[in-house]
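Take a look at the structure below.
The values are calculated or read from the model by the stated rules, or taken from the named source; none is laboratory data. All figures in this text were calculated on a predicted structure; none of them were measured in a lab. Here the Cβ positions follow ideal geometry from the backbone for every residue, glycine too, while neighbour counts run over all protein chains shown. When the accessible area is computed, the model is the full protein with side chains, heavy atoms only, and any ligands, DNA or RNA have been set aside. Shrake-Rupley method; radii C 1.70, N 1.55, O 1.52, S 1.80 Å.
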Amino acid sequence: MAIHPMLNTAIKAARRAGNQIVRAMDHLDGLSIEAKGTNDFVSEVDRNAEKTIIETLLQAYPDHGILAEESGIKEGKTLHQWIIDPLDGTTNFLHGHPQFAVSIALKFRGKLEQAVVYNPMTEELFTATLGRGAFLNNRRIRVSQVNQLRYALLGTGFPFREERYLEIYLETFRRLFPNSSGVRRAGSAALDLAYIAAGRLDGFWEFHLQPWDIAAGALLIKEAGGMVTDMKGGEDYFDSGDILAGNLKIHQRLQKELAECLVTANSTTN
Ligand code: IPD
Ligand code: CA
Ligand code: CA
């Protein structure tokens, strides 16, 4: 099946931005970096990559809207909205730690239709179009078949920006870590979600993510046969930023564990 033209444009944008980011790896010492908040950094590389992506998308589709991490919302004339994280894993990038990605998704009438997550260091390109499956470098991918939590490799993200969320997060960690086969914190939520789609991780949980961290990864997982919800199994993950993902079995197991553990955590923090 031919690649959807809008996905093609997103791929072009992601590759351009990815090349720019990789070139910038050679002069990390001279970068100008700004703190947006505690442990929240942005560099000229994030901004330039975002500019490249938006220019590429709007050149092809000038009437589309944009929601991008660094420059915010630009209303469009149609019901299309591109959701962009130009560099997911900025902290890794700034340390020369090669685990980061460009994430681009397209929503139409509020529904995710296209997704690209591109790791420019490995040149791995994860793509999905609604109803057409998920792919890694043009090969079909599916979520894993691991069906017991004790054999599952889980991904997660730490609440490193707001300390007040740490206690509740640690409750979930205490619960899931000993019951799984391992937990990884790689530093790019978009790539973590793409890894679930590719069966490299079996489950994932993180609190307080932003739409641009989640959008492309969520469609990748659904198109790869997996499940994405908020912590309670509901649809609220885009607004709350609390996300639980995995293959169907592991997702179900995680949801059950979290339901018990979040009730206990809430009752002890109230
Ligand atoms: C961050 C990464 C990280 C996650 C953070 C995100 P950024 O994105 O996805 O894995 O734990 O919550 O903000 O700031 O590097 O684009
Ligand atoms: Ca991000
Ligand atoms: Ca970012």
Exercise. Among 183, 117, what's the order by accessible area (1.4 angstrom probe), most exposed first?
Worked result: 183, 117
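Could you work out Rg/(2.2 N^0.38 Å) for the stretch 5-141, with Rg from alpha carbons only?
It is 1.03.
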For this session: Let me know the charge dipole size of the chain about its Cα centre in debye, to the nearest 20, where only the beta-carbon of Lys, Arg (+1) and Asp, Glu (-1) is charged.
Result: 1060 debye
Problem set entry | Per-residue HN-Hα couplings for the stretch 177-183 [Karplus 6.51, -1.76, 1.60; θ = phi - 60°; Hz; x = Gly/Pro] | 4, x, 8, 10, 8, x, 10
Exercise. Protein chains only, probe 1.4 Å: how do 177, 126, 160 rank by accessible area, largest first?
Worked result: 177, 160, 126
Problem set entry | Solvent-accessible surface ranking, highest first, for 236, 242, 192 at 1.4 angstrom | 236, 242, 192
Exercise. Using only the Cα atoms of the stretch 149-269, what do you get for the radius of gyration and for Dmax, in Å?
Worked result: 12.9, 38
For this session: Using Cα positions and a limit of under 13 Å, work out the aspartates and glutamates in reach of residue 51, with same-chain residues fewer than 8 apart set aside.
Result: 69, 70, 85
For this session: Quick one: work out the % antiparallel among DSSP beta bridges in the stretch 53-104, nearest 5.
Result: 60 percent
Exercise. How far is the Cα center of the stretch 6-66 from the Cα center of the stretch 136-187, in Å?
Worked result: 27 Å
Exercise. At q = 0.12 Å⁻¹, what is the log10 ratio I(q)/I(0) for the chain, with the Debye formula run over Cα points and no solvent?
Worked result: -0.69
Problem set entry | Violating pairs (Cα-Cα greater than 29 angstrom) within the set 12/107; 36/107; 111/232; 222/256; 12/256; 74/232 | 12/256; 74/232
Exercise. 222 nm [θ] for the chain, helices only, -39500 (n - 2.57) per DSSP H run of 4+, per residue, to 500?
Worked result: -12000 deg cm²/dmol
For this session: Give the angle, between 0 and 90 degrees and rounded to the nearest 10, that separates the Cα long axis of helix 248-269 from the longest principal axis of the Cα atoms of the chain.
Result: 70 degrees
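Give, rounded to the nearest 20 debye, the magnitude of the charge dipole that the stretch 5-141 has about its Cα centre when Lys and Arg contribute +1 at Cβ and Asp and Glu contribute -1 at Cβ.
Roughly 740 debye, rounded to the nearest 20.
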For this session: Roll a 1.4 angstrom probe over the protein heavy atoms and tell me the percent of accessible area of the chain that is carbon or sulfur.
Result: 49 percent
Exercise. Among 194, 216, 60, whose mean-square fluctuation peaks in a Gaussian network model of the chain (Cα, cutoff 10 Å)?
Worked result: 60
Seminar exercise, completed: Pseudo-spin-label distance residue 232 to residue 210, built 7 Å along Cα→Cβ, given in nm, is 2.6 nm
For this session: Keeping all protein chains in position, work out how much accessible area residue 124 exposes to a 1.4 Å probe, and write it in Å² to the nearest 10.
Result: 30 Å²
Seminar exercise, completed: Probe 1.4 Å, all chains present, heavy atoms only: residue 71 accessible area in Å², nearest 10, is 80 Å²
For this session: Give me the distance in nm between label points sitting 7 Å out from Cα along the Cα-to-Cβ direction at residue 263 and residue 170, one decimal.
Result: 2.4 nm
Exercise. Given Cα pairs under 8 Å that are at least 6 residues apart, what percent is the relative contact order of the chain?
Worked result: 16 percent
For this session: Could you state the angle between the C-alpha long axis of helix 44-60 and the longest principal axis of the C-alpha atoms of the chain, as a value from 0 to 90 degrees rounded to the nearest 10?
Result: 70 degrees
Exercise. Which percentage, to the nearest 5, of the DSSP beta bridges contained in the stretch 149-269 is antiparallel?
Worked result: 55 percent
For this session: Compute the long axis of helix 166-176 from its Cα atoms, compare it with the longest principal axis of the Cα atoms of the chain, and write down the angle in degrees, 0 to 90, nearest 10.
Result: 70 degrees
Problem set entry | Model label zone, residue 36; criterion: amide N under 20 Å from point 7 Å along Cα-to-beta-carbon; scope the stretch 203-247 | 206-218, 237-243
